[in-house]
Each structure stands twice: as structure tokens, then as C-alpha cells.
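The structure appears below as C-alpha cells.
Only the coordinates and a few stated rules stand behind these numbers; no lab work does. Values in this document were obtained by computation on a predicted structure and should not be read as measured data. Cβ atoms come from the backbone with ideal geometry, glycine included; neighbour counts cover every protein chain shown.
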Amino acid sequence: MVHLTWGDTVPPEFFAGSRARIMELQRDSGAIPWYDGGVIDPWNHTEAAMGLTVLGEIEHARRAFRYLAETQLKDGSWWGQLGSAVPFDDDEQRFTGEEHEAGHHIRDTNFAAYIATGAWHHYLVTRDRNWLAGIWPHVKAAISFVLAHQSPHGDIRWSAADPHTPEDDALITGCSSIYKSLECAAHIARELGEPSRDWLTARQRLGEALRDKPHRFDRTWEPKDRYSMDWYYPVLAGVVTGEAARKRLDWKWDIFVADGKGCRCVLDQPWVTVAESAELTMALLVAGRRKEAEAMLSWQHQWRADCGAYWMGYQFEDDVAWPAEKPAWTAAAVILATDAVTGMTPAARLFAERTLAEAAE
């Protein structure tokens, strides 16, 4: 296994397969689907764009951001699809398709917010202020859409209300990701001399809801706590820090982590997923658990296909890569985690620590 630490030089061709995979999936429009014949959603599309940025494929990354700009709706959102935790049929062990069709009618707040994270990350690498100013109106519109769905309690509704998404509810993982995106949006605003006080206040209120108001989440559906993302995302996003972050990771470590393999997607399946494992790597860094982060990342390289891209996951009871897909966002998650661990780019610390205090701190 390849074990990397801060300051290590990543071999020049280490991510050649991942680079090729993302770029071969990117369409002429700039869109980056999940995999061959797969759907596109703004969150995973942006994740793939950040992977390209880390690898120096700046023009391909900017094509991806242009796609976001060109497809943004008037209210600042995007039509979406379901994200990385797509439901699957346990009996036949295959992805179901009806969720994709339903996704055409969703305007997900978390998906909309993520452009801010991608834009700030891109700027940290390129330091191109003109580019940042150009993407700013789209970031501002997206954040305005998101915050229009914040409740008086601080939580943020998972999607815009329409007949296809009637559930007035909030998700721990989605709101944690929004919390990180608000951090990045505030950084962009400050860099461009734009006001950010209201965004910082909204971020503080969201953090308080995530830490202190668990009753505001999963009110109308089954709790999502069987998914590992609900466990580690508040740490990854910087909602929970310090000793509280370490205690949270200790809390369910033995449930979700398969030693030598990675992080399970769901607690009741013998299935580790590479993207979740890469994200847990970054959450461990945020919590100050560098050795564990380095180990978690090192385990993921065994799940590379012969082409050098990463399989979505590994089913360890059947000893097979499953599903037989190599998503763009999976490759990107490993690239981002490797940057966070080694310091490949000036953006490395963005996903290794909380980079902005809350308004009241």
C-alpha cells in the first residue's frame, strides 16, 4: 500500500488513470456525469471539477464551471439528481433507476451551495481573481437560494418546495456540506470586497442547529443514521471540532470502519466505498487524527482498477469490486484527500481544517 504523509511528493503519474477517467467522462458541454451513461448532478460534477483543478487540468475544470453557470436556474438553483448515496436493491444488488427520474424535479439546497466550495478551491489553486469575479454572481445567486430555505431554527430545508418534494425537512449530511460551502462563500465575498455578514450569521445558526437541535433533522422520514456520512460529515465540514470531533469519530468507528479496507457506506452492508473513505480521511485530518487519516487513505489504493481509476467500492463478503463503476467523483474524492494529506496544492488545507471561525467566536 502507498502510505503518504504531509510534504510527500506524489509520483507524477500516480493519478494518470484518475485524470484520464474524469476527462474521458467530461462532455463537450463541460458536464461530468457520474460514470458512462450515468446522470449528472451539480454536487458530484463540482467534486470532479475540483479533482481536475488539483491535477492542473485548469481548462477542463473551467469548462465544468462554465457548465454550472450556463445551467443555473433563475432562482440560483439547479435541477438535480440524487447524490452519492443512491438507494440500491438489496436482493439483486443493483442500482435502481426510478430515483434518477425523480431527481429531475429536485432543486437540492446542498447541491446548489457546493459551487461556492468548488469556486473557492479553484481560486486557492489558481489565484485568478478575474475568474473568481466572473463566477461570483453564480455563487451569490446559489447562496441566496439556499438561505431562502433556512428555518427560524437554523436548519436548512433539503430542497425547494414543489409537488415532487413536499417534505419540509433537513438532512444532517446536506446541512453539514452547506455549512462548509457557506465558509467558502464568505471567503469569496471577503476576497472580492463583498458583504458577507449575513452569510456568516446564517452559518453560525446552521452550526448551532446541527450541534444542538437534533430534533430538527429527519422529522418526516426514517433517520439517515445508517449512512456513514451522517456520522463523519459534521466533522469534515468543521461543524464539530476539537475534542468533540474526536469523540464523534470514536463514537461509531467500530460500526463503520472495516480495518484495512475503508469506510462502509451503510452500517448493515459489507461494502466499503472509496469516496466515503476519502471523505473520512479528510474528516480525520480536521479532527487532528493525522496518522489514522494517512492509514485510511493508504487503504484506498488497493481498490484501483487496472486503468488506474478507482472502483466505486468493494463488497468484502463476495470479494468483488461493486458496483462495477468507476465514477468521476470517486476519483476526485481520492485526489482531494491526497492533496489534504500531502499538501500537493495551495488548497490542501481547505479540506483538512475549518478555515473560518463562526461569527460569534
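Couple of notes before you dig in:
- The combined condition, being of a type in the set (A, V, I, L, M), in contact (Cβ under 8 Å) with a residue 40 or more places away in the chain and not in a helix (DSSP H, G or I), is fulfilled by V239.
- Across region 315-334, the qualifying residues are those that are assigned to a loop (DSSP other than H, G, I, E, B) and of a type in the set (A, V, I, L, M, F, W, C), and the one among them that is surrounded by the fewest Cβ atoms within 10 Å (Cβ to Cβ) is A324.
- Among the residues of region 300-315, just one is of a type in the set (A, V, I, L, M) and in contact with a Pro (Cβ under 7 Å, 6 or more places away or on another chain), namely M312.
- Filtered residues of region 171-230 (kept if within 21 Å of A119 (Cα to Cα) and outside any helix (DSSP H, G or I)): L192, G193, E194, P195, S196
- Residues in region 138-162 that are closer than 15 Å to S177 by Cβ, assigned to a loop (DSSP other than H, G, I, E, B) and in contact with a His (Cβ under 9 Å, 6 or more places away or on another chain): 2 in all.
- Residue match in region 257-269 (condition: touching a helix residue (DSSP H, G or I) at 6+ places or on another chain (Cβ under 7 Å) and either within 24 Å of A359 (Cβ to Cβ) or aromatic (F, W, Y) (or both)): no
- Taken over region 252-276, the criterion of being in contact (Cβ under 8 Å) with a residue 40 or more places away in the chain and not in a loop (DSSP other than H, G, I, E, B) is satisfied by A258, G262, V266, W271, V272, T273, V274, A275, E276.
- Whichever residue in region 36-58 is among the charged types (D, E, K, R) and outside any helix (DSSP H, G or I) and, among such residues, is surrounded by the most Cβ atoms within 10 Å (Cβ to Cβ): D41
- Condition check for L249: touching a residue at least 12 places away in the same chain (Cβ under 8 Å), within 23 Å of S151 (Cα to Cα), of a type in the set (A, V, I, L, M) and outside any loop (DSSP other than H, G, I, E, B): no
- Filter result for the condition that a residue is over 17 Å from S228 (Cβ atoms) and of a type outside the set (S, T, N, Q), over G343, G313: G343
- Matching option when the condition is touching a Cys at 6+ places or on another chain (Cβ under 7 Å) and under 23 Å from V235 (Cβ atoms), among L171, L206: L206
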